[in-house]
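Here's the structure, in structure tokens; my notes come after.
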Amino acid sequence: MSGSVSLGVGIGWRPEIDLTVERLPGVDFVEVVAENVHPDRLPESLRVLRSRGVPVIPHGVGLGVGGAEPPDPARLAHLAACARALDAPLVSEHLAFVRAGDMEAGHLLPVPRTRAALSVIAENVRRAQEALPVPLALENVAALFGWPEDEMTEARFLGELVEMTGVKLLVDVANLYTNQVNLGLSATAALDGLPLSELAYVHVAGGHSLHGVWHDTHTAHVPDAVLDILSELCARVDPPGVLLEWDDDYPSDAELGAELGRVRGAMARV
């Protein structure tokens, strides 16, 4: 695997569960939302984890490389500063459209998968890579809709973007499941099409079904169906890392530990 860092199994660090993350056994790495930390005033918990040698990955949600405008230099500078302060092995973000001008979308929206959009996004990714001191990985999003002018699948679009820029992949199998349930897009077909040789790490998460629509809320146990997709991925490639996201309605330490055990179990099926 070209240049991927071995990470293991991890969990998303959140202020509400900072002590839990510190004391949970088997946490090999963590991820922190970059917009929620200041590199000059890192939370004590993150400093404790780093002192133990636990890798911490800044995970951005607001860069918006999928927009028509170049990435905001201030946002890039913040990501770079977070990477340096945390001695991070890489930075991750989303392949998403988040704003136009000063108007925020409020969601991680899918990009139009056209040749014209690919050219613009590739240039945005190159600008981001030049500004960051470590490799960049991009995450597939849970799409609320598909653009009618799409010319290629998400897997092919990401594959061509990887080929053009050398960007790494953060594959969210929960998002693949969401798109399968809500849009009828096969998760297995996506795994078959993605350039998994450039995988940086993987996300898993739980959610809720409401009136037949799956909501990727990161507030529940990971469904077996999502773990099945993780196993399918592991049958194709040995992932450098797999990270559990849980963002609210936090369960007990024991339940979170059990979730990490379920993740390891799904990885070991192959």
Residue among Thr153, Val167, Ala143 farthest towards the positive dipole end of the chain, charges placed on Cβ: Val167
Ellipticity estimate at 222 nm from DSSP helix runs (n ≥ 4, -39,500 (n - 2.57)) divided over the chain, nearest 500: -12000 deg cm²/dmol
Net charge of Cβ neighbours under 10 Å - reference Ala85; Lys, Arg +1; Asp, Glu -1: +2
Probe 1.4 Å, accessible area per residue of the chain, Å²: 42 Å²
Protein accessible area in the chain, 1.4 Å probe - carbon and sulfur %: 53 percent
DSSP H segments from the chain that extend 30 Å or more along their own axis, Cα-based, with Kyte-Doolittle mean of 0.5 or above: none
Approximate spin-label separation Ala220-Arg126, in nm, with each point projected 7 Å along Cα-to-Cβ: 4.4 nm
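The values are calculated or read from the model by the stated rules, or taken from the named source; none is laboratory data. Note that the structure is predicted; figures quoted are calculated from it, not measured. Please note: Cβ atoms are built from the backbone with ideal geometry, for glycine as well, and neighbour counts cover all protein chains shown. These area figures cover heavy atoms from the full protein model, side chains too; ligands, DNA and RNA do not enter into them. Shrake-Rupley method; radii C 1.70, N 1.55, O 1.52, S 1.80 Å.
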